[in-house]
Protein chains: 2
Amino acid sequence: MTTIRCLQCQSPVPSDLEIAQSVEPFEISRIAAAFGILPSELSPYGSTRAKVKLDILKRLENTKPGKYVVVAGMSPTPLGEGKSTTTIGLAQSLCAHLQRPTFACIRQPSQGPTFGIKGGAAGGGYSQVIPMEEFNLHGTGDIHAITAANNLLAAAIDARIFHERTQSDEALFRRLTAELKNFTSIMKKRLEKLGIHKDDPKDLTPEERVRFARLNIDPNTISWKRVMDVNDRMLRQITIGQGKEEKGMTRTTGFEISVASELMAILALAKDLNDMRNRFGAIEVAKSVSGEAITAEDIGCAGAMTVLMKDTIEPTLMQTLEGTPILVHAGPFGNIAHGNSSIIADRIGLKLAGENGFVLTEAGFGADMGCEKFFNIKCRTSGLRPDAAVVVVTLRALKFHGGVEPSKASIENIDALRHGCSNLLRHVENIRKFGVPVVVAINEFSTDTKMELDIVKELALREAGAFDVVVTNNWSRGGAGAVDLANALIRATQTIKADFRFLYPDTDSLKMKIEKICKEIYGAAGVEYLNDTNEKLEDFEHRGFGLYPICMAKTQYSFSHDPSLKGAPTGFIVPIRDVRVNCGAKFVFPILGDISTMPGLPTRPAFFNIDIDGDTGAITGLS
Amino acid sequence: MTTIRCLQCQSPVPSDLEIAQSVEPFEISRIAAAFGILPSELSPYGSTRAKVKLDILKRLENTKPGKYVVVAGMSPTPLGEGKSTTTIGLAQSLCAHLQRPTFACIRQPSQGPTFGIKGGAAGGGYSQVIPMEEFNLHGTGDIHAITAANNLLAAAIDARIFHERTQSDEALFRRLTAELKNFTSIMKKRLEKLGIHKDDPKDLTPEERVRFARLNIDPNTISWKRVMDVNDRMLRQITIGQGKEEKGMTRTTGFEISVASELMAILALAKDLNDMRNRFGAIEVAKSVSGEAITAEDIGCAGAMTVLMKDTIEPTLMQTLEGTPILVHAGPFGNIAHGNSSIIADRIGLKLAGENGFVLTEAGFGADMGCEKFFNIKCRTSGLRPDAAVVVVTLRALKFHGGVEPSKASIENIDALRHGCSNLLRHVENIRKFGVPVVVAINEFSTDTKMELDIVKELALREAGAFDVVVTNNWSRGGAGAVDLANALIRATQTIKADFRFLYPDTDSLKMKIEKICKEIYGAAGVEYLNDTNEKLEDFEHRGFGLYPICMAKTQYSFSHDPSLKGAPTGFIVPIRDVRVNCGAKFVFPILGDISTMPGLPTRPAFFNIDIDGDTGAITGLS
């Protein structure tokens, strides 16, 4: 039973939606069966999506894993480089054309961009995930579950403050423990933290009752925001609690887009349900008036959050146009979080691919962001070791980094190309510092000239030490257009044994870690610690977070903190404007500039094109 | 292949969760097959939930439908009456014990109450929907899709105002139509409304460009709120747009709980996807500064909203503990909306049940609310005609309506019972005004005495003309405990041919409709129109909404507008404080008092009990 589909590629290439709708997807159970997933390990969601149960990891414990390849990009430009398209096309090539069992592990897109500016994220042309509407819309509901869990915690924080303010110590304790002969197991976690080892609420002393019942949250310290998976700029900063019944308990806060929630970062890094539950409990949401950290466990809803998110821990199996399996898991937001798909999906993919196969896992944004975090955060957490990296570029984007305006990037311009290549070269050199061989994929456009292509090849091979540089045209030709890239990748993993190493050990101080990233990856001359970041970093070290990795919150458009610095800037000083810790995701994130965590809608959002035929159910205008 | 499961009922009755977890659900495909749903008509979501495709209605076009029974309640009390439990128990009885193919059509519960005060809504004891956690949590994602669609529209409204304020006429028109040779089909709908019949943006006159591009929304008139499926009281009233980038465009608004969205009311009343799409377009969200109604179609996102909600139109098949099929569709919110499950689910259930079978459909709150709206709104929209009604009561709740405190409601009290029976009697009389026979179900408690039961029976039969009054104990015994009720219902539908009639014709004026409901159903002496409701109603008549039915926004705790008036109050004057129109759901709703559309969390929310075992995935504390 094969699940390979041969594409009849048209020229000119039709719209993404037309291509996607021209292909009848295989039943997802058939894809699953073809790649070794048992029916009992599959939870179908309709006929084209299915969640994969984590039991599969036990069954395949002793299977040898496939090759682990991270797909990264050059510094992104407004022109788009086609990283997702190349990931999908390369997977099609390996799987359908070279008979290497391959899983592409990608992130579920946010609905915000789908209806806003960017459109969906299912790849494009003849390298797409299908059905693209299922992929771009609700998936199997993971982002919605994150929204629900995130906002339950937010509501619980404010409600707790409200109830503490409006009730006496006795009333508060009585209501919290009414009719309880024993504290609930969730309450016991807080009691343990307080060093109170009693089961029966009646046994607490008056002082213990107050300590248990009063979190005394300082409203000015609440760092937990509400989230929504919509581009809604008016929610960036809001004042809540203005209803009469709320008795003047107003507070300034804001919404972020759901995929920016710490819960998303946790989902991608969690090993299993227990690990997720414990990380949720550890999330710090505020400080008490006396400066103690208040966690989701103190609020009492980390269990309920895990219950809401229990199904999210299972990755979703989908397929490409050519019937190649895709594991969709976790979501975007590479600038404030790590921006990688999940450890669990990669692990399942590696076992299912087996020693002859491949897992392609996508890292968000440029390699300085997504790939650095893939190595230093994701691989550190998972223990998995990458075998190779692919860096996707276009000549247009390289010329843009060489100073050319977008509208002129399709015109041959050797000087600008040479200049802009510096961006690619530094990404390749950076990845090689981690001991991983790099294959460069040039996503070809019809306007590219042979001379331009040769220059990029020569520079990347000779100056940056890329293993190979290959032209791909999988957008117009599907997997057939990435066979050379696939062969180069196979050769790289056969020829070179990756000697993976982190950029810094756990035991480096937070400042040493920050400086290594800024100097060795970004090319900075130094780092300056602004505002109270020195004190905060000291405090973090003191509280034991010094062992956490660093997750830089930086623009993706430049190696530096300044999005206007194209190419491969040097000599700049990186300003650390703020520094925070995610105690659930377990990383420290320095903030280098304004990072928007809630996009807006443009004057003409994508929704002006999107409609549905009520008779046939056919969707128009999604891309 | 049977899907009947015989329960071994324990005494004392274990917790809901223990009972639910003691039963292994059938594969949902097996339930589907047993009740005549083809595999091609089913979209599974995991192994225990599946959406049913609307194609099934075409296939079964010529099948005779089952009996259509609405399950209603007396006026609710803090004690709980067990309406959901009785609906499910009665369905089990008819189906598993009396071999009548039966579908119970119920609403998807909101997550707010699940983690707040009330707990879940899967029934209780040995009459439950399983798996209760799937039912109480995300279901098949319908409420999440409503949240997404509702909030896309909200974000689009504010973004549109922002872009109109910050751009010149020319820039606005240019950005809206950039690179378009023809207007999109969505833009054409607005042009049609404006009487502009041109395809090419270039052909518009300057004046037409302004009319097309400037909606000129008056921010003070925006009635469309954002929603969230969480009990978050601090969002009831908020100020948005306080971020620097929003250039001072602040506005006071608020969130409602997702199930209160007009989109939910529309989902329940929509005939098909086309009807849903058209209703979404008709939603009025604000007025322009010159007083014109601005619709979701004008904003341009009714198509995208329908795309987001395309799967919600399919009801979800689940099962009871005894393997009886359940159709879950639409959601609660009977006080400001109609509070009924969907027309589509009822229609599918009726066809699948066939002429020997039954559909039990649950109407929210007391019969004065849910059942009146079921008859006057839902049946009017669907054209379906009910064959019988069941009214669920408990002696405790009747005594509460007779003036007894909740803590003493389990003690025999003949006077209070006689007095409180007035509540039941009026509900029965009301339903009989619609020409529908009524069976009263007394949900028995161990503290009920024979004398008390006899009094209720006698009063309901003799004074109110109930067809029968039957004691049930399906909570403790499952379907076996409702066999007498099931037999009484079968007899009612065999003996009496319902002579269904509406309380008012479409052509009555809005005021006549309001007064008929207030006087004939609520027992009011009159109606007074406060504030500007006279003018508003006149305006509605003028704009053609006079043909819409009325959806009263009233407390559910009393026949009157005053929740403290128990029993069957008379002589009161109903105050109409405000009146609004839902142009998508197509009803006019008078507002009688403060109706909260965003619940809060209590001091000890349900989440303090809810946790998950990370190793086994077993959930604790859900109810």
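Over the stretch B:510-591, the Kirkwood radius and the radius of gyration, each from Cα atoms, give a ratio Rg/Rh of 0.97. Take each residue in A:154-162, count the other chain C-beta atoms within 10 Å of its C-beta, and the mean is 6. Each of B:517, B:317, A:258 was scored by the projection of its Cα onto the charge dipole of the protein assembly as shown, and the greatest displacement toward the positive side belongs to B:317; charges sit on the C-beta of Lys, Arg, Asp and Glu. Computed about the Cα centre, the dipole magnitude for the stretch B:143-309 is approximately 180 debye when only Lys and Arg (+1) and Asp and Glu (-1) carry charge, each at its Cβ.
Projected label points at residue A:462 and residue B:13, each 7 Å from Cα along the beta carbon direction, are separated by 8.4 nanometres.
The DSSP beta bridges internal to the protein assembly as shown are antiparallel in roughly 45% of cases.
When the Cα positions of B:503, B:593, B:248 are compared along the charge dipole of chain B, B:503 comes out farthest toward the positive end, with charges on each C-beta of Lys, Arg, Asp and Glu. Within a Cβ distance under 15 Å of residue A:495, other residues only, what is the Lys/Arg minus Asp/Glu net charge? After counting each charged neighbour, the total is +1.
Computed from the Cβ-Cβ distance with R0 of 60 Å, the FRET efficiency linking residue A:6 to residue B:79 stands at 0.35. The reciprocal of the average 1/r between distinct C-alpha atoms defines the Kirkwood hydrodynamic radius, which for the protein assembly as shown equals 32.0 Å. The amide H of residue B:527, built 1.01 Å from its N in the peptide plane, has B:574 as neighbours under 5 Å, considering only residues 5 or more places off or on other chains.
Between residue A:484 and residue B:205, the modelled label-to-label distance comes to 5.9 nm, taking each label 7 Å out from Cα in the direction of the beta carbon.
Using only side-chain charges placed at the Cβ, +1 for Lys and Arg and -1 for Asp and Glu, the dipole size of the stretch B:510-591 relative to its Cα centre rounds to 300 debye. With K and R counted +1 and D and E -1, the other residues having a Cβ less than 12 Å from that of residue A:512 yield a net charge of -1.
Here's the list of lysines a cross-link from residue B:450 could span, going by alpha-carbon distance under 21 Å and ignoring same-chain residues fewer than 8 apart: B:399, B:408.
Label-point spacing at residue A:512 relative to the other copies reads 8.7 nm, in ascending order, each point sitting 7 Å out from Cα along Cα→Cβ.
3J(HN,Hα) couplings calculated from phi for the stretch B:90-96 with the Karplus curve 6.51 cos²θ - 1.76 cosθ + 1.60 (θ = phi - 60°) are, in sequence order, 5, 5, 4, 4, 4, 7, 8 Hz; Gly and Pro show x. Taking only the C-alpha atoms of chain A, Rg followed by Dmax gives 25.0, 83 Å. Give the cross-link partners of residue A:373 among the aspartates and glutamates, using a straight C-alpha distance below 17 Å as the criterion and excluding same-chain residues fewer than 8 apart. By straight Cα distance, residue A:373 reaches A:262, A:346, A:362, A:387, A:429, A:506, A:508, A:515, A:520.
What's the ranking of A:314-322, A:34-42 by average number of surrounding C-beta atoms within 10 Å, highest first?
Numbers: A:314-322: 27.6, A:34-42: 16.8.
Most protected by this proxy first, the peptides run A:314-322, A:34-42.
A dipole drawn for the protein assembly as shown from +1 and -1 charges on Cβ atoms has a positive end, and of A:131, B:4, A:141 the residue lying farthest that way is B:4. Using the Cβ of residue A:611 as centre and a radius below 10 Å, the other residues enclosed give a net charge of +1, where K and R count +1 and D and E count -1. Per-residue ellipticity at 222 nm, computed for chain B from helices alone with -39500 (n - 2.57) per DSSP H run of at least four residues, works out to -9000 deg cm²/dmol.
Centre-to-centre separation between the Cα atoms of the stretch B:91-125 and those of the stretch A:199-265: 33 Å. Taking a ≥ b ≥ c as the square roots of the eigenvalues of the alpha-carbon gyration tensor, the stretch B:143-309 is classed oblate because a/c is 1.5 or more while a/b is no larger than b/c.
For the segment A:44-57, counting C-beta atoms of other chains within 10 Å of every residue's C-beta and taking the mean gives 3.
Roughly how many Å is it from the Cα centre of the stretch B:387-434 to that of the stretch B:479-531, as a whole number? The stretch B:387-434 and the stretch B:479-531 have Cα centres separated by 17 Å.
Partner shielding of A:615-621 amounts to 4, given as the average count of beta-carbon atoms from other chains within 10 Å of each residue beta-carbon. As a rough footprinting exposure proxy, the listed residues A:359, B:404 were ranked by other beta carbons within 10 Å of their own, and the order from fewest upward is B:404, A:359.
About the Cα centre, and with charges only on the beta carbon of Lys, Arg (+1) and Asp, Glu (-1), how big is the dipole of the stretch A:448-548? Nearest 20 debye, please.
Dipole magnitude for the stretch A:448-548 comes out near 480 debye.
Of all DSSP bridge pairs formed entirely within chain B, close to 45 percent run antiparallel.
With 0.36 nm allotted per residue and the present C-alpha distance subtracted, the residue A:506-residue A:98 stretch has 142.9 nm of extension available. Applied to the stretch A:183-199, the Karplus parametrisation 6.51 cos²θ - 1.76 cosθ + 1.60 on θ = phi - 60° returns per-residue 3J(HN,Hα) values of 4, 5, 4, 5, 5, 5, 5, 5, 4, 4, 4, 7, x, 9, 10, 9, 9 Hz, with x for Gly and Pro. Remark: A:95, B:105, A:9 ranked as A:9, A:95, B:105, counting other beta-carbon atoms within 10 Å and listing the fewest first.
Legend: residue pairs B:189/B:554; A:83/A:433; A:519/A:586, Cα-Cα distance threshold 25 Å; pairs beyond threshold, B:189/B:554.
Among B:540, B:375, a tally of other beta-carbon atoms within 10 Å of each Cβ gives an order, fewest to most, of B:540, B:375. Of the DSSP beta bridges with both residues in the stretch B:143-309, give the percent that are antiparallel, rounding to the nearest 5. Roughly 70 percent of the DSSP beta bridges within the stretch B:143-309 come out antiparallel.
Only the coordinates and a few stated rules stand behind these numbers; no lab work does. Only a predicted model underlies this, so the values are computations on that prediction, with no experimental measurement involved. With ideal geometry, Cβ positions are generated from the backbone for all residues, glycine too; neighbour counts draw on all protein chains shown.
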